[in-house]
Amino acid sequence: MSILVTGGAGFIGSNFVLDWLGQSDETVINLDKLTYAGNLENLASLQGDARHVFVQGDIGDFALVARLLAEHQPRAVVNFAAESHVDRSIHGPGEFIDTNIVGTFQLLEVLRAYWGGLADESKAAFRLLHVSTDEVYGSLAKGDPAFTETHRYEPNSPYSASKAASDHLVRAYHHTYGMPVLTTNCSNNYGPYHFPEKLIPLMIVNALAGKPLPVYGDGQQIRDWLYVKDHCSAIRRVLADGRLGETYHVGGWNEKPNLEIVHTVCALLDELRPRADGQPYREQITYVTDRPGHDRRYAIDARKLEQELGWKPAETFETGIRKTVAWYLENQPWVANVLSGGYRDWVAKQYGA
Ligand code: NAD
Ligand code: DAU
């Protein structure tokens, strides 16, 4: 038995692959294009492990994915592959359209052909789990109830619009062709292997380097934060027992303004790695121009997943953020390789290919 994971060298995907193989012997075929966000060093602990088969490639490459499906006959596909950074989507939306919309479409097409050709039992058991985001719903005002699974889609950035389009395609393939799909929409993740251009790892890395901590606008934008391993456990839960065609929200019930997040990171660093001059890291906070079209607030109502499938996050924000800051302090070589770009040469260095 095997599963195909796409985007499994990225932040959440690599955590998912490590988690999966930490508790199962079921082989993971990991298809990742290795864009700037893909880092095989995240999976270094799996080197030589036959349960992890890495393939560099694009979810939009029909022939490649068809070959992988025919060869490995996976019982499920978990689709993490995406362009994921809102700021990058503002500077250059093209790749977001290519991967998140066209790539997902191609993946659905090749999966439709594969699934359609399976024997009855395998066909009934097959699942495609599409990993999506709370950003597809747009922005909430203070006091609005959290997003439920029936909230209207109102994406505001090229990133969230492209993810919304992918969600709609996945939904349509269920309704039109009967494909056995599941969709999860999750809030902001944080934890190990988070690429340091996103808020939390950027603040840790910049603080330690003595650089400014850039807070967009007034820093009062609110996000819900979930420790990445809790997202992984939610995906496993939905994959195992989610109802076909359904969407499940995944969230941590941890709504916090960005400035509070930055202060928390600074306070943990003050405790765990105080500045040489004894001054607090929060002195490095700098207010910078706001993100264009910046969504003010996201909040996720995860009761459906909790009540239907019995999922609960294991970490509170306090425990998760402490683990995260400690991980970055203990994994400075990983950070250095990302910052120098050295991680991109890692495969050649490690495998000599
Ligand atoms: P990431 O940018 O860290 O990783 C994305 C991975 O996909 C990278 O390894 C990249 O190389 C790969 N990839 C990109 N284009 C590809 C293509 N065409 N074919 C194959 N692989 C490709 O992203 P992430 O933060 O790990 O997010 C993973 C998924 O979860 C995304 O779909 C994202 O929308 C969703 N999501 C992320 C968050 C979050 O807070 N990070 C929250 C909710 C949902
Ligand atoms: O909500 C889920 C989404 O969370 C995912 O779908 C995205 O893939 C993921 O990247 C993340 O998007 P955000 O835009 O919320 O994440 P980011 O870390 O880029 O920013 C978090 C908040 O912090 C956001 O309000 C912008 C702000 N910010 C970000 C950066 C990088 C700053 O104030 N300063 C910064 O330097």
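The values are calculated or read from the model by the stated rules, or taken from the named source; none is laboratory data. What you see is a predicted model; the values in this text were computed from it and never measured. Because the Cβ atoms are built from the backbone with ideal geometry, glycine has one as well, and the counts that use them run over all protein chains shown. Note: accessible area is taken over every heavy atom of the protein model, side chains too, but ligands, DNA and RNA are not part of it. Shrake-Rupley method; radii C 1.70, N 1.55, O 1.52, S 1.80 Å.
Okay, here's what the table says:
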quantity	calculated
Simple spin-label estimate for Ala141 and Glu318 in nanometres, 7 Å along Cα-Cβ	3.3
Size of the chain as Cα extents on the principal axes (Å, biggest first)	67, 52, 38
Fraction of accessible area attributable to carbon and sulfur, the chain (%, probe 1.4 Å)	51
Accessible solvent surface per residue of segment 151-209, calculated while the other protein chains remain in place, 1.4 angstrom probe, Å²	34
Farthest toward positive dipole pole in segment 20-112 [+1 Lys/Arg, -1 Asp/Glu at C-beta], among Val77, Ala50, Ile101	Val77
Additional length obtainable on full extension of the chain from His85 to Gln56, 0.36 nm per residue less Cα span	8.4 nm
Simple spin-label estimate for Arg75 and Val102 in nanometres, 7 Å along Cα-Cβ	3.6
Partner lysines for Lys256 [C-alpha distance under 30 Å; skip if fewer than 8 residues away on the same chain]	Lys142, Lys163, Lys198, Lys211, Lys229, Lys304, Lys312, Lys323
Additional length obtainable on full extension of the chain from Leu272 to Ala124, 0.36 nm per residue less Cα span	48.2 nm
Evaluated over segment 1-96, the Cα radius of gyration and Dmax, each in Å	13.5, 41
Relative contact order computed over segment 214-345 (Cα-Cα under 8 Å; 6+ residues apart), in percent	39
Whole-number percent relative contact order across the chain, with pairs defined as alpha carbons under 8 Å at least 6 apart	18
Distance in nm between pseudo-label sites at Ala44 and Val288 (7 Å out along the Cβ direction from Cα)	2.8
Residue-normalised accessible area of segment 76-144, given per residue in Å² at a 1.4 Å probe	40
Gaussian network model of the chain, Cα within-10 Å springs - most flexible of Leu43, Leu108, Leu118	Leu118
Net charge of neighbours whose Cβ lies under 12 Å from the Cβ of Val136, counting Lys and Arg as +1 and Asp and Glu as -1	-3
Cut-off 12 Å between beta-carbons: net charge of the residues surrounding His231, Lys and Arg +1, Asp and Glu -1	-2
Residues with amide H under 5 Å from that of Cys186, placed H, sequence gap 5 or more	Ser132, Thr133, Asp134, Val250
Whole-Hz ³J(HN,Hα) from phi, Karplus 6.51 cos²θ - 1.76 cosθ + 1.60, for segment 94-109, glycine and proline x	x, 5, 5, 5, 4, 7, 6, 9, 5, x, 5, 4, 5, 4, 4, 5
Cβ-Cβ FRET estimate between Asn331 and Tyr216, R0 fixed at 25 Å, reported to 0.05	0.40
Student exercise, the chain dipole from Lys, Arg, Asp, Glu Cβ charges, in Debye to nearest 20	40
Å² per residue, accessible surface of segment 247-343 at 1.4 Å	48
Per-selection metrics, segment 209-338 (Cα): Rg and Dmax in Å	17.5, 57
At most 13 other Cβ within 10 Å, DSSP loop - trypsin sites (Lys or Arg not before Pro), segment 176-280	Arg243
Euclidean distance between Cα centres, segment 293-323 to segment 47-95, Å	26
14 Å beta-carbon shell around Tyr281, net charge (K/R +1, D/E -1)	0
